[in-house]
Amino acid sequence: MPTEEVNKANFKRYLEEAWNQSNLEVVDEIFDRYVSHQPDGSVLERGPEDVKRFVGEFRTAFPDLRLIIEEQIAEGDKVVSRGTIRGTHQGEFRGMAPTGEEMEIKGMAIFRFSSEGKVVESWDSYDQLSLMRHDARGEMFGFPRLWSLVAERGKERSLGNVLMEELYSFVGEGWEQEDDITLLSLRRSPTGS
């Protein structure tokens, strides 16, 4: 059974080799099928190919990306890492045009390792609001955009369809909940309320 120090070393290796050196082969060595806990409380089943896609999206948009581990703690079969991602936004990222600006994102991740030393469960969170502030248009899919859509198109057809189409055009193909885009549920009040 791997020790806490071995699990910490594997986590560091993943961050250094996959994120900082673009060596995605290491992902197959460290990840198995795993459960990914999302910030909204939902749970997704993931695998090495999903990890490679996620890292690849960042590396394509921020080719000079560097992930710096600021703190790492291990207890039992879990390892927590807190760090900072820095890079220059040189390629499209989830519908955001490149800005040429350097960005900095704070984040943290928790990995639970199996007795074979592979990641079987994860929790992570990073500052996506700061990332979105780097959008060249300064856009986010937030309330100002929502109000504008409702005013412009709310009477044309189903508001739900309009919002889903706009959200899809904003986040792009391959959008998933892990992208931390939160959908709003709207309920019309009865007349006179």
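Of the GluC sites (Glu not before Pro) in region 10-54, not one is in a loop by DSSP (not H, G, I, E or B) with at most 13 other beta carbons within 10 Å. Tally the DSSP beta bridges in region 4-132 and give the antiparallel ones as a percent, rounded to 5. About 90 percent, rounded to the nearest 5.
Can you bin region 59-131 into rounded, prolate or oblate? Criterion: square roots of the alpha carbon gyration tensor eigenvalues sorted a ≥ b ≥ c, rounded for a/c under 1.5, prolate for a/b above b/c, oblate for the rest. Prolate shape, in that a/c is at least 1.5 and a/b is the bigger ratio. In this structure, residue 37 and residue 64 have a Cβ-Cβ separation that, at R0 = 25 Å, corresponds to a calculated FRET efficiency of about 0.25. Ranked for footprinting exposure by Cβ neighbours inside 10 Å, fewest first, 22, 81, 36 give 22, 36, 81. Modelled spin-label separation between residue 57 and residue 20, with each label point placed 7 Å from Cα along the Cα-to-Cβ direction: 2.4 nm. By the beta-carbon count within 10 Å of each Cβ, the least crowded to most crowded order of 69, 110, fewest first, is 69, 110.
Quick note: the coordinates plus some simple rules give every number you see, no bench work behind them. What you see is a predicted model; the values in this text were computed from it and never measured. Every residue, glycine as well, gets a Cβ built from its backbone with ideal geometry; the counts of neighbours run over all protein chains shown.
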